[in-house]
Amino acid sequence: MNLSFGFPDPPEAVSLTRRSGLESALARFEQAMADPDSPIRAIRRQPAREGEFVPIPGSVDPVLAQTLKDRGIERLYTHQADVFQHVEAGRNVVVVTPTASGKTLCYNLPVLNHLLRHPDARALYLFPTKALAMDQLHEFQAAVDRAGSPIRAFTYDGDTPQDARRAIRERANVVFTNPDMLHSGILPHHTRWAKCFENLHYLVIDELHYYRGVYGSHLANLLRRLRRICVFYGSTPQFICSSATIANPKELAEALTESRFELVDRNGSPAGEKYFIFYNPPVVNRQLGIRRSYLHEARRLTIELVDRGQQTLVFCNNRLATEVLLTYLKDALERGPAPAGTVRGYRGGYLPRERREIERRLREGEIRALVSTNALELGIDIGSLDAVVMAGYPGAIASTWQRAGRAGRRQTTALAVLVASSAPLDQYIIEHPEYFFERSPEQARINPDNLEILVNHLKCAAFELPLRDGEKFGPHPVDEMCRFLAELGFLYHSAGAWHWTSDTYPADAISLRAVTSDNFVVVDITREPTVIAEVSFPTALTSLHEKAIYLHEARQYQVERFDYDQRKAYVRAVECDYFTDAIDYTQVKVLEEFAAAPLAEARAAHGEVRVNRQVVGFKKVKFYTLENVGAGNLSMPEQEIHTTSFWLHFTASFLARFPDLMPAARQSGLVALGNALRAVAALHVMCDPRDLGVAFSEDISGGLKLFEPDLYLYDNYPGGIGQSEPLFEARDRLIAAAAELIAACPCENGCPSCVGPAGETGDGGKQTAVRILEALRRPPALPDRA
């Protein structure tokens, strides 16, 4: 169990303290980088930074000022003082500083200061997750207790007992909640919250950078509904937002709230020394471009760090990778000298009690290695970690820095390692470290005027309060949309307003994150039936189908029955050496073309499409070797969404430029091209590659049977989130970047790092993709004149 790059341990690296363990690991990395074939692609050092302080403002309540001093806070960081001054002046403010820079005090200080002087005032705190809300409540309550104040603060989420909810609505000065609960549990029942809304003075939105894409588009409409209700009760809350580093925080805050903001982005907090290492798993087959498994390499690096005394957090990009890597680490560490329970997993599907117990044990140092999805990317207090290992690029520069910031949160020296997968986006980033280290973090984009999202929230708004004639929802007059909803039987018009008339509860039908709000419950029937997890609708179709191996806390369960109608999956514990991976089929149909332009003899376009997706089978994949050891057929319900897409239409005249290519070879080339285009498209619009779907359509035109295929890059969310138009506008740059990506890869016939493995794209896929890209970049040759 070592970082066996072919070099011995430096003499000073043997069995020392946690700090010397980190130093010896760094020495090993630096020594290995001297080899030209080293998997270490970059080592960057961030030096320690001194803090910038100012005195506690004189307008801070003396009791609160003394409470801060009792905690050892004699002065404020400059950004904390700047936020306080803006809030005191009545301005909306967004603060943007790195992880562990004291952003919590930025909003707690002005809120507590106001509540101490105005005990009837109310504040609402919004966090992306329940776990983060609970963590922040503990921080807030500790400050209240030290001040000896009667201020009352509570969380209000799906885990709040029913018998406690009424008391919270009546008594709480500060409510810690999340957008989902605000959407379905607070705004639709605003009459029960009258006292809160009448006195609502502050609305705090933490982790603002998290609200981008479809989630941010939903939140913007949710805040439109909140403002309507506040106007009804006569309040105008002030916004305080905090965010990790993104390129457009002020623009995002103003787009979400439709209000003006002041920006505080001068960071005054100190920071410890940090090393950031880019690691690209070695190539094991140059002809096929196959590298060592990134999960195996992440496992090996994590074991080495734990053996050297480093408490390590490992991030994976999806649930399956989390559970597979957790299995590997438990096998290696807990069957050796490490006590049982020192290696744990953490993700959204775990039950609340289980997650909070894991957080506590991690803070107390009992857990030495934790494998997590992005659930721990946010600011939950998990104590002092020594190292972070990222198994795969998170898909965004901002997310990568956020994850790396989870180590060294106590101003100590820390290590972050990014282990690249074979995905083209990972390979581009890992081989171009300057792109990562020298580029500003991405802009967060939202599209609150997505028609499907807008109309759904308009239904909720009508349920909450009648929509008056001439009223606007955001910038949009509501009359036309209300007439449409009335035709569908949801509204009726009376006394100058549109009233909700349906017997349905609209908030239940809207998920803020996914296509549908229907989650599946996982029931373990090994002994007494026990609910062990909850899984989102889209994930359930690929991970809970019958005969699937469902992984939970590194334990294997086989799905024995999938009850689609009741949204339940019944599983039984098994011992097996494989996991399952679903196979799906996607079909795309153009509904409306918004714009088009010629591209050589082909054609580029973007518009509205219908996407039909169905899980048709699954593969059995063996642990460790990842070999395919079996398969099965499935007939799962088909899912349909309307969204937007960018596409390339390859005309018969364009394909005639390749007379030597058979139809199968052309298809292989287009599949390969789609894989490369998705990677560079994700970089261009700065989104997660999973936000873009790829589909290939074999269009046989008319009775002439012309083969004129389409290649689609579509938004993976209903209604689209604004990705297709930027891709259409950047079509020439996308083609050029895809050509560069493929040309830079040394493999012969395609690999996961460029166009995908030859076994998936087909024979000659890479070579054909190169020829198609060259043809797209040059006009057709003119015919010779007689």
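The values are calculated or read from the model by the stated rules, or taken from the named source; none is laboratory data. This is a predicted model, so every value here is computed, not measured. We place every Cβ from the backbone using ideal geometry, glycine too, and count neighbours over all the protein chains shown. For accessibility, only protein heavy atoms count, side chains too; no ligands or nucleic acids. Shrake-Rupley method; radii C 1.70, N 1.55, O 1.52, S 1.80 Å.
For region 230-364, just run the numbers: alpha carbon Rg, then divide by 2.2 N^0.38 Å, N being how many residues it has.
So the Cα radius of gyration is 1.54 times the expected 2.2 N^0.38 Å.
Once you sort the root eigenvalues of the Cα gyration tensor of region 157-197 as a ≥ b ≥ c, which label holds: rounded (a/c under 1.5), prolate (a/b larger than b/c) or oblate (the other case)?
rounded
Taking Lys619 as the anchor, which aspartates and glutamates have their alpha carbon closer than 15 Å to its alpha carbon, excluding any fewer than eight residues away along the same chain?
Cα-Cα hits under 15 Å: Glu546, Asp577, Asp581, Asp584, Glu627, Glu760.
Can you give the Rg to Rh ratio for region 293-427, taking only C-alpha atoms and Rh from Kirkwood?
That ratio is 0.93, to two decimals.
Amide H of Val478: which non-local residues (sequence gap of 5 or more, or other chain) have their own amide H closer than 5 Å, using H built in the peptide plane?
HN-HN under 5 Å from Val478: Gly470, Glu471, Phe473.
With an 8 Å cut-off on Cα pairs and a minimum separation of 6 or more residues, tell me the relative contact order of region 91-174 in percent.
Computed over region 91-174, the figure is 30 percent.
What accessible surface, in Å², does a 1.4 Å probe find on Ile429, ignoring ligands, DNA and RNA and rounding to the nearest 10?
Ile429 exposes around 0 Å² with every protein chain in place.
So, counting K/R as plus one and D/E as minus one, what does the shell of residues with Cβ under 12 Å around Thr530 add up to?
0
Which order, highest average first, do 50-60, 707-717 follow once you tally other Cβ atoms within 10 Å for each residue and take the mean per peptide?
707-717, 50-60
Can you pull the semi-axes for region 10-150, root of five times each eigenvalue of the Cα gyration tensor, sorted largest first, whole Å?
42, 17, 16
So what are the ³J(HN,Hα) numbers for region 178-190, from phi and the Karplus equation (6.51, -1.76, 1.60; θ = phi - 60°), rounded to whole Hz, Gly and Pro as x?
With the stated coefficients, region 178-190 comes to 9, x, 5, 6, 4, 5, 10, x, 10, 4, x, 10, 4 Hz.
Report the charge-dipole magnitude of the chain in Debye, nearest 20, computed about the Cα centre from +1 at each Lys and Arg Cβ and -1 at each Asp and Glu Cβ.
1160 debye
Using the Cα gyration tensor of region 214-264, with a ≥ b ≥ c the square roots of its eigenvalues, what is the shape: rounded (a/c below 1.5), prolate (a/b larger than b/c) or oblate (neither)?
oblate
Give me a comma-separated list of calculated 3J(HN,Hα) values for region 709-719, in order, Karplus coefficients 6.51, -1.76, 1.60 applied at θ = phi - 60°, integers in Hz, x for any Gly or Pro.
Computed from phi, the couplings for region 709-719 are x, 10, 10, 9, 10, 10, 5, 7, 10, x, x Hz.
Around Arg657, what is the net charge, scoring Lys/Arg as +1 and Asp/Glu as -1 over all other residues with Cβ under 14 Å from its Cβ?
Residues near Arg657 contribute 0 overall.
Please compute the contact order of region 559-674 in relative form: average sequence separation of alpha-carbon pairs under 8 Å and at least six residues apart, divided by the residue count, as a percent.
It rounds to 22 percent for region 559-674.
Once the Cα atoms of region 139-291 are picked out, what are the Rg and Dmax in Å?
Over region 139-291's Cα set, Rg and Dmax evaluate to 21.0, 70 Å.
Translational diffusion coefficient of region 412-520 at 37 °C, 0.692 mPa s, Stokes-Einstein with Kirkwood Rh over Cα pairs, in µm²/s as a whole number.
This corresponds to a translational diffusion coefficient of 183 µm²/s.
Rank Thr400, Leu415, Asn450 by how far each Cα sits towards the positive end of the charge dipole of region 396-453 (+1 on Lys, Arg Cβ; -1 on Asp, Glu Cβ) and give me just the farthest.
Comparing the listed Cα positions along the dipole, Leu415 ranks first.
Any idea what log10 I(q)/I(0) is at q = 0.15, 0.24 Å⁻¹ for region 591-694, Debye with uniform C-alpha scatterers and no solvent?
Debye curve over Cα of region 591-694, log10 I(q)/I(0) at q = 0.15, 0.24 Å⁻¹: -0.95, -1.29.
Relative contact order of the chain: what whole-number percent is it, with Cα pairs under 8 angstrom and at least 6 residues apart?
11 percent
Tell me, which cysteines of the chain are without a disulfide-compatible partner by the Cβ under 4.7 Å rule?
Cysteines of the chain left without a disulfide-compatible partner: Cys106, Cys196, Cys230, Cys241, Cys316, Cys460, Cys482, Cys576, Cys687.
Treating each Cα of region 473-629 as an identical point scatterer and ignoring solvent, apply the Debye formula and state log10 I(q)/I(0) at q = 0.14, 0.15, 0.21 Å⁻¹.
-0.91, -0.95, -1.31
Could you list log10 I(q)/I(0) for region 468-564 at q = 0.12, 0.13, 0.15 Å⁻¹, which the Debye formula gives when each Cα is one point scatterer?
The Cα Debye sum returns log10 ratios of -0.60, -0.64, -0.72.
What number, in nm² with one decimal, is the all-direction average of the projected area of the convex hull of the alpha-carbon atoms of the chain?
So the Cα hull casts an average projection of 37.9 nm².
When the expected Rg is taken as 2.2 N^0.38 Å, what fraction or multiple of it is the alpha-carbon Rg of region 434-492?
In units of the globular-protein estimate, region 434-492 measures up at 1.70.
What is the pair-distance distribution P(r) of region 283-326, computed from all Cα-Cα distances in 10 Å bins starting at 0, with each bin given as a whole percent?
The distribution over region 283-326 is 25, 43, 27, 6, given as percents.
At 1.4 Å probe size, with every protein chain present, just tell me what the per residue accessible area of region 346-392 comes to in Å².
On a per-residue basis, 29 Å².
Could you give me the percent of Cα pairs per 5 Å distance bin for region 92-164, shortest bin first, beginning at zero and ending with the bin that holds the maximum distance?
3, 13, 24, 25, 20, 12, 3, 1
Hey, any idea what Rg/Rh is for region 155-226, computing Rh the Kirkwood way over Cα pairs?
A ratio of 0.96.
When the dipole is taken about the Cα centre of region 174-229, and only Lys, Arg (+1) and Asp, Glu (-1) are charged at their Cβ, what size is it in debye, to the nearest 20?
Dipole magnitude for region 174-229 comes out near 280 debye.
Nearest 5 is fine: what % of DSSP beta bridges in the chain come out antiparallel, could you say?
About 60 percent, rounded to the nearest 5.
Using a cut-off of 15 Å between beta-carbons, work out the net charge of the residues near Pro281 (Lys and Arg +1, Asp and Glu -1, Pro281 not included).
Summing Lys/Arg as +1 and Asp/Glu as -1 gives 0.
Given a 1.4 angstrom probe, what's the average accessible area per residue across region 470-624, in square angstrom?
The answer is 50 Å² per residue.
A 18 angstrom limit on the alpha carbon distance is what I want to check against. Which of Lys547/Lys620; Lys130/Lys195; Lys103/Lys250; Lys547/Lys622 exceed it?
Over 18 Å Cα-Cα: Lys130/Lys195.
Of all the accessible heavy-atom surface of the chain, with the other protein chains kept in place and a 1.4 Å probe, what percent is carbon and sulfur?
49 percent
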